[in-house]
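To start, the structure under review is shown below, and the notes come after it.
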Amino acid sequence: MSTITKTVLRSDEFSCPSCVSKIEAKLADLPGVVSAQVHFTTGRIEVEHVADETTVDDLVSAVDQVGYLAVPQAF
Amino acid sequence: MSKLFRSLSRNRWRTVAVSAQLIVLGGISGWMWPGNRSYPLFLVAASVVAGADIARRALADLRMRRIGIEALVSVAATGAILLGEVWEAAAVTFLFQAGATLEQVTLRRTRRALTHLVDMAPTTAIVVREGSHVEVPAAQVTSGETVLVKPGARIPVDGQVVEGRAWTDESSITGESTPVAKEPADVVYAGTVTTGGLLRVEATATGSDTTLARIIARVEEAQEAKAPAQRFIEKFGRWYTPAVAGAALIAFAVSRDAHLALTLLVIGCPGALVISIPVSIVAGIGRAAQAGILIKGGEHLETTARIDTVAFDKTGTLTTGEFQVADVVPVIDQVSADRVLALAAAVETLSEHPLAGPVVDAAQSRGSAQLEAEGFAQHAGRGVSAQVAGTSVAVGSERLMSELGVEVSPDVARILDRLTGEGKTALLVAAENRVIGVVAMADTLRDDAATGVSRLHRAGVTRLWILTGDSERVASRVATASGISEVKAGLLPEDKLAAVQELQATGLVAMVGDGVNDAPALAAADVGVAFGPGATAVAAETADVAILSGRVEAIADAIEYARATTRNLRQNVVVSIATVGLLLTGVLAGEVHMAGGMLIHQLSVLVVIVNAARLLRLGRRKTKSRTETIMEGSVPRPRDLVV
């Protein structure tokens, strides 16, 4: 049994809404990611994932690969 | 290779600065030694420095089978170099990078209002566990645990004070910076800052359940909710880039003009247009949130801006909803008002009835003698009685008096009639089976009810109504005191709903209320406003706008912020559509070339963002001067006006 965790990352580097679908696609490709939603206006990234397969650090580095610095947040 | 790209692109400012220097060097060498090979070399180097990051992002896109603006710019720059137009390549990559970096910085400013709230979130808490103090992450405290809050520290949880006294600055929650006194049994909020004392707080909500976290979530939801116009523009944006890329291909196929095709690629990002609406909304909603006003999304922002009718549910909005002693009328010559109050308070101290507290508070604040009572008895729904220093005292309704065999004289009955006629709740006070006086209580008008109403008038609200379940007399007194002319009294919740619908026939209505029984009217109104720190969860849930501070003026602020934001948003849409039109015609007419196109494009994006950031300064000076006057203590606290 693996449980699904919800992680919130924040980034203040988004400068064009085109990055939204890029980051969403990148995150969705990771194993164990159930859903990924990126909000351009607030810079919030919501990810539902199985923490055993993809850790929070994995999420941060995936966002970094697309070119944005994101930081995990408590809420 | 990708390592080199990364190191070059990590620091965007440095990239921009280096490429600028290379362009200048290239310019100088081209001017000093015309025809020298160093000129193109410098400019190609500048293009590579600025373009590395663009190319990296373009490749990341391509790997995901997407063509983004970075890909278009990379193709354009490479094409320009191949055509020998090194100057264009260097200028395009430099301008793109410089613009993107500036945009990032300025966009961060428009999101700043919220960042400020997020920064308020507490990080650690000192918990008392098994007698010792342990420091843990704030979110890991469980409800029911006791946390220690030192003076000057940020309260880590929502909770109730169990020990200690202090002041808190609740501006992160309510937008009001006036310190609030806290003592045992008072409620405190996570993210507020204490001064003046050590508090022990029993946690009732932690982490993402705290009021602050819920406010942040609400504000973000609001900022993310898309206004109707925004959806249209996003759709447009999605088609625009591929359409322009296609146009570039067609232009090249038809005219064989590579330069024209590349220029079209450069202007292929609808940048200013797609961000024009979101940046204004983020800044506007963020600014309002700082003032303790939650506007739940762009759609509500647009409606709020057009409000011309405001209906108030009186209790808890124009008034505080808290009873206070308004009159103490002695009816026997030998007994003073002070004595009446002191005796009543002595008995009421032992009672838990909602009207008991105000009597005790009044006796304390007027410095009446504190007397001890014993043999306390409660007469359900009628009043209370006890022995005070050997005297038997009863406090309660006319019915209690007749039950105890106390005579209510015609004079006393007249006083009772007058007070109840004024909408007050009156208690008879009897000593040794004789009525000695009457204590009357009433709701309190808020300090800023009248200024708030006149500001609403000035903000263009033409019709103001009071819709209340209270009696006509009470309602019209509040109406006169606050400057409202229209009153509908004696309404049941469903009557309020009908009244709102009636007003909607001729205008756009905002309904302001605080309680559960307003929920239907709040939901029916064009804009439902949940008002005050006491606004119930239901009211706040149903509402489109929530005002957390309890200031009537905040309603006018909300309308002004909404107007300013919609105005700002329209300016942005106009600027960005004009830019797109200008660029397309300019390019097709052959007047605008690659570097110029990029410059105009990036400038328009910056104009739009900087314009939105202006919203964050709305009302700044006003707020500051109010805080200053409070600090200086030059404004005496107005005596509570009892209605």
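The values are calculated or read from the model by the stated rules, or taken from the named source; none is laboratory data. The structure presented is a predicted model; accordingly, all values stated were derived computationally and were not measured. Glycine gets a Cβ as well: all are built from the backbone with ideal geometry, and neighbour counts include every protein chain shown.
Out of all the residues in the range B:417-432, is one or more exposed (fewer than 14 other Cβ atoms within 10 Å of the Cβ) and acidic (D, E)? Yes, the range B:417-432 contains at least one residue that is exposed (fewer than 14 other Cβ atoms within 10 Å of the Cβ) and acidic (D, E). Just the residues that are among the small types (G, A, S) and part of a loop (DSSP other than H, G, I, E, B), please, taken from the range B:483-519. Answer for the range B:483-519, where residues must be among the small types (G, A, S) and part of a loop (DSSP other than H, G, I, E, B): B:G483, B:S485, B:A489, B:G490, B:A505, B:G507, B:G515.
When you look at A:A62, is it touching a helix residue (DSSP H, G or I) at 6+ places or on another chain (Cβ under 8 Å) and either surrounded by 15 or more Cβ atoms within 10 Å (Cβ to Cβ) or within 7 Å of another protein chain (Cβ to nearest Cβ) (or both), yes or no? Criteria met by A:A62. Considering the range B:43-64, and only residues there that are surrounded by fewer than 21 Cβ atoms within 10 Å (Cβ to Cβ) and more than 14 Å from chain A (Cβ to nearest Cβ), the residue that is nearest to B:I81 (Cα to Cα) turns out to be B:V44. For B:E494, are the conditions met, namely being assigned by TED's automatic domain parsing to the domain that holds B:A311, touching a strand residue (DSSP E or B) at 6+ places or on another chain (Cβ under 8 Å), closer than 20 Å to B:D518 by Cβ and not hydrophobic (A, V, I, L, M, F, W, C)? Considered against the rule, which asks whether it is assigned by TED's automatic domain parsing to the domain that holds B:A311, touching a strand residue (DSSP E or B) at 6+ places or on another chain (Cβ under 8 Å), closer than 20 Å to B:D518 by Cβ and not hydrophobic (A, V, I, L, M, F, W, C), B:E494 comes out as no.
Number of residues in the range B:361-385 that are under 20 Å from B:V328 (Cα atoms) and outside any loop (DSSP other than H, G, I, E, B): the value is 8. Restricting to the range B:332-360, name every residue that is part of a loop (DSSP other than H, G, I, E, B) and more than 11 Å from B:A431 (Cβ to Cβ). Within the range B:332-360, B:D333, B:S336, B:T349, B:L350, B:S351, B:E352, B:H353, B:P354, B:L355 meet the criteria.
Restricting the search to strands (runs of 3 or more DSSP E) fully inside the range B:193-303 and requiring at least 3 residues that are touching a helix residue (DSSP H, G or I) at 6+ places or on another chain (Cβ under 6 Å) gives B:293-295.
Kindly check whether there is at least one residue in the range B:410-425 that is part of a strand (DSSP E or B) and modelled with pLDDT of 85 or more. Among the residues of the range B:410-425, not one is part of a strand (DSSP E or B) and modelled with pLDDT of 85 or more, which makes the answer no.
Residues of the range B:19-42 that are assigned to a helix (DSSP H, G or I) and surrounded by fewer than 17 Cβ atoms within 10 Å (Cβ to Cβ): B:Q21, B:V24, B:G27, B:I28, B:W31, B:M32, B:S38, B:L41.
For every residue, the table says whether it meets (1) over 25 Å from A:D12 (Cβ atoms); (2) buried (at least 23 other Cβ atoms within 10 Å of the Cβ); (3) at pLDDT 85 or above; (4) out of contact with any Asp or Glu (no Cβ under 6 Å at 6 or more places or on another chain).
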residue: B:E170; (1), (2), (3), (4): yes, yes, no, yes
residue: B:T178; (1), (2), (3), (4): yes, no, no, yes
residue: B:A185; (1), (2), (3), (4): yes, no, yes, yes
residue: B:Y189; (1), (2), (3), (4): yes, no, yes, no
residue: B:V193; (1), (2), (3), (4): no, no, yes, no
residue: B:V201; (1), (2), (3), (4): yes, yes, yes, yes
residue: B:T204; (1), (2), (3), (4): yes, no, yes, no
residue: B:R214; (1), (2), (3), (4): no, no, no, yes
residue: B:R218; (1), (2), (3), (4): no, no, no, yes
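Selection of the range B:129-147 for residues being of a type in the set (G, A, S) and more than 14 Å from chain A (Cβ to nearest Cβ) yields B:G131, B:S132, B:S143, B:G144. Among the residues of the range A:28-38, the ones that are surrounded by 21 or more Cβ atoms within 10 Å (Cβ to Cβ) and within 11 Å of chain B (Cβ to nearest Cβ) come to 1 in all.
A quick yes/no check of all residues on (1) modelled with pLDDT of 90 or more; (2) within 22 Å of the chain's Cα centre (by Cα); (3) within 12 Å of B:V310 (Cα to Cα):
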{"site": "B:G483", "(1), (2), (3)": "yes, no, no"}
{"site": "B:P493", "(1), (2), (3)": "no, no, no"}
{"site": "B:A535", "(1), (2), (3)": "no, yes, no"}
{"site": "B:A558", "(1), (2), (3)": "yes, yes, no"}
